[in-house]
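What follows is a short report on a single structure.
The values are calculated or read from the model by the stated rules, or taken from the named source; none is laboratory data. Treat the numbers as computed from the prediction; the structure is a model and nothing was measured. Because the Cβ atoms are built from the backbone with ideal geometry, glycine has one as well, and the counts that use them run over all protein chains shown.
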């Protein structure tokens, strides 16, 4: 089975995140997706509690979208991938990243090891994906040029909570639990 691994802060999970997941499933690029929200780490220390982010993501869970609530402690993507390879030995892992991650990918811990995996790159912020992929080596990457670029910022959403970029169930959860100043 082709298992997509979508790791991030999801602070909050928004329509752009779910659009990516649904697109990959509809295009049959992956069979299932494992969404792994992360704890606070070096460049993200203002996240709402992991339990709230997991609960918001669980709104989207079904037989093909799995919300991982056990592997959230990993700071480095390489550590998570190694754990998942042992947890899902029969599956082929596909790491899902936004094009914005390519700019610093060469600085990721053990990025050379990650290049042995399949990496799906989603358009974002009109970034020239080929420029970065050519430097890193094309073999690992599946570039989705036909996917419309997503320019949704979680920071902007947190600063102006509204229904435009949030599923109504996520918005309701945010308001009910007084998250992001609501």
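Kindly establish whether residue 118 is without any contact (Cβ under 8 Å) to a residue 24 or more places away in the chain and either surrounded by 18 or more Cβ atoms within 10 Å (Cβ to Cβ) or in contact with a strand residue (DSSP E or B) (Cβ under 9 Å, 6 or more places away or on another chain) (or both). Working first, answer last.
Working: without any contact (Cβ under 8 Å) to a residue 24 or more places away in the chain: no; either surrounded by 18 or more Cβ atoms within 10 Å (Cβ to Cβ) or in contact with a strand residue (DSSP E or B) (Cβ under 9 Å, 6 or more places away or on another chain) (or both): yes.
In short, no.
Check the range 97-108 and report whether any residue there is modelled with pLDDT of 95 or more, in a strand (DSSP E or B) and surrounded by 13 or more Cβ atoms within 10 Å (Cβ to Cβ).
The answer is no, given that none of the residues of the range 97-108 is modelled with pLDDT of 95 or more, in a strand (DSSP E or B) and surrounded by 13 or more Cβ atoms within 10 Å (Cβ to Cβ).
For the range 58-83, enumerate the residues that are over 26 Å from residue 111 (Cβ atoms) and in contact (Cβ under 8 Å) with a residue 40 or more places away in the chain.
If the condition is that a residue be over 26 Å from residue 111 (Cβ atoms) and in contact (Cβ under 8 Å) with a residue 40 or more places away in the chain, then 59, 60, 65 are the ones that fit.
Give the residue that is nearest to residue 1 (Cα to Cα), with candidates limited to residues of the range 72-96 that are modelled with pLDDT of 95 or more and part of a loop (DSSP other than H, G, I, E, B).
Among residues in the range 72-96 that are modelled with pLDDT of 95 or more and part of a loop (DSSP other than H, G, I, E, B), the one nearest to residue 1 (Cα to Cα) is 91.
Might you check whether a residue that is in contact with a strand residue (DSSP E or B) (Cβ under 8 Å, 6 or more places away or on another chain) and closer than 20 Å to residue 12 by Cβ occurs anywhere in the range 81-93? Quick ask: steps written out before the conclusion?
Just the residues of the range 81-93 that are in contact with a strand residue (DSSP E or B) (Cβ under 8 Å, 6 or more places away or on another chain), to begin with: 81, 84-85, 88, 91-93.
The next check asks that each one be closer than 20 Å to residue 12 by Cβ; those that pass are none.
No, the range 81-93 contains no residue that is in contact with a strand residue (DSSP E or B) (Cβ under 8 Å, 6 or more places away or on another chain) and closer than 20 Å to residue 12 by Cβ.
Quickly run through the range 23-68 and pick out the residues that are at pLDDT 95 or above, out of contact with any strand residue (DSSP E or B) (no Cβ under 6 Å at 6 or more places or on another chain), assigned to a loop (DSSP other than H, G, I, E, B) and surrounded by 14 or more Cβ atoms within 10 Å (Cβ to Cβ).
Hits for the range 23-68 are 29, 59, 60.
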